[in-house]
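Participant: This is the structure I have questions about; it appears just below.
The values are calculated or read from the model by the stated rules, or taken from the named source; none is laboratory data. These figures come from a predicted structure and were not determined experimentally. With ligands, DNA and RNA removed, areas are computed over all heavy atoms of the protein, side chains included. Shrake-Rupley method; radii C 1.70, N 1.55, O 1.52, S 1.80 Å.
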Amino acid sequence: MKQYRPDVERQKWLYSMEKSRKVLRRWQGKPDGPDPSRPRIPDNSEPWLPGGVRSMADAMWISDRIKETAEQWGLNKPPQS
């Protein structure tokens, strides 16, 4: 499989657009980052174990559940390298 390498000119263009956007936002008096007044999108995931993974047995249990779910949905295993 051929490795993906982004075009250098495209990377330069994206960098320059980001810099221009920051200058424009500063000129408009807006903050650089995300708007702090907007609520964050809540995380929709649930932990596998309530206390987190504490041992290798916990990690193996999670791995087994993932394999069972993949078999249930008919997903192919990724190739092992």
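Participant: Using a 1.4 angstrom probe, figure out how much accessible area the chain has per residue, in square angstrom, rounded to the nearest whole.
Facilitator: Using a 1.4 Å probe on heavy atoms only, each residue of the chain averages 106 Å².
Participant: Explain nothing, just compute: Karplus ³J(HN,Hα) = 6.51 cos²θ - 1.76 cosθ + 1.60, θ = phi - 60°, for every residue of the stretch 29-39 in order, whole Hz, x for Gly and Pro.
Facilitator: x, 9, x, 5, x, x, 5, x, 7, 7, x
Participant: Which whole number in µm²/s is D for the chain by Stokes-Einstein, with the Kirkwood Rh taken over Cα pairs at 10 °C and 1.306 mPa s?
Facilitator: Reported coefficient: 86 µm²/s.
Participant: Carbon and sulfur atoms: what percent of the 1.4 Å accessible area of the chain do they account for? The partial results should precede the final answer.
Facilitator: Numbers: 4880 of 8590 Å².
Accessible surface attributable to carbon and sulfur in the chain totals 57 percent.
Participant: If you don't mind, there's one more thing I want to ask. What is the angle, in °, between the Cα long axis of helix 56-73 and the longest principal axis of the Cα atoms in the chain? Nearest 10 is fine, range 0 to 90.
Facilitator: 90
Participant: Sticking with this structure for a sec: Between helix 8-28 and the chain, what is the angle of the helix's C-alpha long axis to the longest principal axis, kept within 0 to 90° and rounded to the nearest 10?
Facilitator: Between helix and principal axis, roughly 60 degrees.
Participant: May I pose another question? As a check on your grasp of the helix formula, calculate [θ] at 222 nm for the chain: sum -39500 (n - 2.57) over DSSP H runs of n ≥ 4, divide by the residue count, round to the nearest 500.
Facilitator: -16500 deg cm²/dmol
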